[in-house]
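J.: Quick one: the structure is below, and I'll ask about it shortly.
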Amino acid sequence: MLRNRIQRLAYNHLSPSLNKFQRMSSTKSGFDALVLPVLPNGEITQLPSAYPSSLNISSVWTATNAKSTKALEKRIIHQENGPTLSLVALGKGSTSQNATREATRRAVGDAVKAAKDAGARSIGIVADNISDHDAAVASNLALFEFTLQTKERDPVPSVSCASSQPRSESGLQWNTGELYAQGQNLARELMELPANMLTPTIFCERVVKEFEGLDKVEIHVHDEAWASEKSMRTFLSVTQGTAEPAKFLEIHYKGASNPDARPLGLVGKGITFDSGGISLKPGAGMKLMRGDMGGAATVVSALLTIVKLGLPINVVLAAPLTENMPGGRATKPGDVFVAMNGKTVEVDNTDAEGRLVLADALTYVSREFKPHTLIDVATLTGAIQIALGEIFTGVFSTTDSLWSTLHAAGEAEYDRFWRMPLDEDFGPQIYKGMADLINTGGRPGGSCTAALFLKAFVDGIEGKDGKAPEVEWAHIDIAGTMEATRAGPYQKPGMTGRGVRGLVEFARRLSQNQS
């Protein structure tokens, strides 16, 4: 009974992100607030014809000493017989398209929050002179709320495009921006949920619910017996200390014109709570480890968005899901396991469990489905946070071409990546144990040794007999960017869902190149 009540609370009280934001959509009439961007030259986008005003808005802006070149300069204008106007400056102009797009996101996000604070319940974005895709992304991200409090709360305002002829990026419109943001918000919600409300079982149930009714999708939820049959011993080594049943989530999307074409592979780390196991973490801040399934949340949310966009691409996804807990049967430091690919692994520290569950998942996907590109996402190392902070997500890639495409996609969505070294000179730190590999290499270059460890489990990554490698691989470490500790114009403090928009944009560009 208690578990059922928890599940109902997680599903119904919060409302799944995608459904919530679909309900937020409104028509172009009946707005009680309008967001008007102010361009660097002082030009203010005209009001839609359905909302005539006797005000000289430009004069009001100037009379209040507002500066058009000062980013996020705002003015709220209340009209007696019309919608509240939320004016916001984009700031100094830029020759960089990506910088201009981010200025749009920051301005719209800030203006939407100001309109909400002014009491608006239905907000329209006037996007004649800005990217409607980016405006949709920012407004939906800025209005995201997560709470488990039962007290009465004001409803989340609806938001939609108020322009009859908005400016669109190539292949991107308001609806694509909504989907990008909804995907990121789903990842944020999943990562915020307490571990007792998002066990491996509940995670899979939620994913099945989110994909319900979508075409060309096949979902398999495997149990520990299946994993044992597949010889996923490093994955199962992490499951030994918890009473919660582990799951191995597998999703296939056949969006390409040829359903048998080689897919894009996505793998996400799904530790629904990480206590550290026998190598127990310090108690302070441990509750943040409810988000250690952020890799799984990211790839699932990205794939859901890819499916909703109808991208002509095949994708296979795997997410090993378990808790990492101490217990009588838990793995002990010094234990050795034989991975699915036959390599022996010495567990030096049970708190380096993410690479153990990913190892078998990478082998499974690369061996069974032969993807042309394989990307794993994980909240893997504290070392990446030390290196890059909350600003950039670390990427380790085997090819320059894969890195270039990921980097371009991340820059376009301001979901930014930074390339890290993937080099065999780090190898001695993880090769000198009693087994083929040690699951930690010490503090120096901690994120680099973790990536090198994972590389050993990707089948086809090394070219044979003079032939090129069969797969391009990238490891994305989101441990530093999983949480925002300070507020931004469209990102509240809390779990970020970073990586979702970058991956979706990567897949969109990949599908264009393949078509």
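J.: Using the structure shown, decide if VAL88 is of a type in the set (Val, Ile, Thr), surrounded by 21 or more Cβ atoms within 10 Å (Cβ to Cβ) and over 24 Å from PRO52 (Cα atoms).
T.: So VAL88 fails the test.
J.: Just to be sure before I move on: is THR481 of a type in the set (Val, Ile, Thr), surrounded by fewer than 17 Cβ atoms within 10 Å (Cβ to Cβ) and modelled with pLDDT of 95 or more in the structure I sent?
T.: No; evaluated as a whole, the condition is false for this residue.
J.: Taking into account only those residues within the range 298-331 that are charged (D, E, K, R) and either in a strand (DSSP E or B) or in contact with a Leu (Cβ under 6 Å, 6 or more places away or on another chain) (or both), which is most open to solvent (accessible area, probe 1.4 Å)?
T.: Once the filter is applied, the top-ranked residue is LYS308.
J.: Among (1) closer than 20 Å to LEU356 by Cα; (2) touching a residue at least 24 places away in the same chain (Cβ under 8 Å); (3) in contact with a Leu (Cβ under 8 Å, 6 or more places away or on another chain), which single condition is TYR431 missing?
T.: (2)
J.: Going by the structure shown, is LEU47 under 29 Å from the mean Cα position of the chain (by Cα) and either more than 21 Å from ASP154 (Cα to Cα) or open to solvent by 60 Å² or more (accessible area, probe 1.4 Å) (or both)? If you could, list the steps in order and put the result at the bottom.
T.: Details: under 29 Å from the mean Cα position of the chain (by Cα): no; either more than 21 Å from ASP154 (Cα to Cα) or open to solvent by 60 Å² or more (accessible area, probe 1.4 Å) (or both): yes.
Here the answer is no, as LEU47 does not meet what is asked.
J.: Moving on. Out of the residues in the range 368-389 that are out of contact with any Ser or Thr (no Cβ under 8 Å at 6 or more places or on another chain) and under 14 Å from ALA474 (Cβ atoms), state the one that is surrounded by the fewest Cβ atoms within 10 Å (Cβ to Cβ).
T.: Here the residue is HIS372.
J.: Now a separate question. For the range 112-136, what are the residues that are under 13 Å from PRO83 (Cβ atoms) and in a helix (DSSP H, G or I)? Give the steps one after another, and end with the answer.
T.: Narrowing the range 112-136 to residues under 13 Å from PRO83 (Cβ atoms): 115, 118-126.
The answer is ALA115, and nothing else.
J.: Also, quick follow-up: Check off (1) closer than 20 Å to GLY310 by Cα; (2) assigned to a loop (DSSP other than H, G, I, E, B); (3) among the basic types (Lys, Arg) for LYS467 and give me the number that stays unchecked.
T.: (1)
J.: Scanning the range 332-347 for residues that are more than 30 Å from the chain's Cα centre (by Cα) and part of a loop (DSSP other than H, G, I, E, B), which turns out farthest from LEU380 (Cα to Cα)?
T.: GLY342
J.: Follow-up. I'd like the full set of residues that are over 22 Å from GLU224 (Cβ atoms) and either part of a loop (DSSP other than H, G, I, E, B) or in contact with a Leu (Cβ under 7 Å, 6 or more places away or on another chain) (or both), limited to the range 241-265.
T.: Selection gives TYR253, GLY255, ALA256, SER257, ASN258, PRO259, ASP260, ALA261, ARG262, PRO263, LEU264, GLY265.
J.: Still on this model: Of PHE396, PHE392, PHE457, PHE453, which residue is among the aromatic types (Phe, Trp, Tyr), within 22 Å of the chain's Cα centre (by Cα) and buried (at least 24 other Cβ atoms within 10 Å of the Cβ)?
T.: On the way: PHE392 fails: buried (at least 24 other Cβ atoms within 10 Å of the Cβ); PHE457 fails: within 22 Å of the chain's Cα centre (by Cα); PHE453 fails: within 22 Å of the chain's Cα centre (by Cα).
The conditions single out PHE396.
J.: Quick check on my filter: what residues within the range 487-508 are in a loop (DSSP other than H, G, I, E, B) and in contact (Cβ under 8 Å) with a residue 40 or more places away in the chain?
T.: Within the range 487-508, GLY488, PRO489, TYR490, GLN491, LYS492, THR496, GLY497, ARG498, GLY499 meet the criteria.
J.: Name every residue in the range 365-390 that is out of contact with any strand residue (DSSP E or B) (no Cβ under 6 Å at 6 or more places or on another chain) and assigned to a helix (DSSP H, G or I), in order of residue number.
T.: Of everything in the range 365-390, those that are out of contact with any strand residue (DSSP E or B) (no Cβ under 6 Å at 6 or more places or on another chain) and assigned to a helix (DSSP H, G or I) turn out to be ARG367, GLU368, GLY382, ALA383, GLN385, ILE386, ALA387.
The values are calculated or read from the model by the stated rules, or taken from the named source; none is laboratory data. As the structure is a prediction and not an experimental result, all values here were calculated from the model. Every residue, glycine as well, gets a Cβ built from its backbone with ideal geometry; the counts of neighbours run over all protein chains shown. We work out accessible area using only protein heavy atoms, side chains counted, and drop any ligands, DNA or RNA first. Shrake-Rupley method; radii C 1.70, N 1.55, O 1.52, S 1.80 Å.
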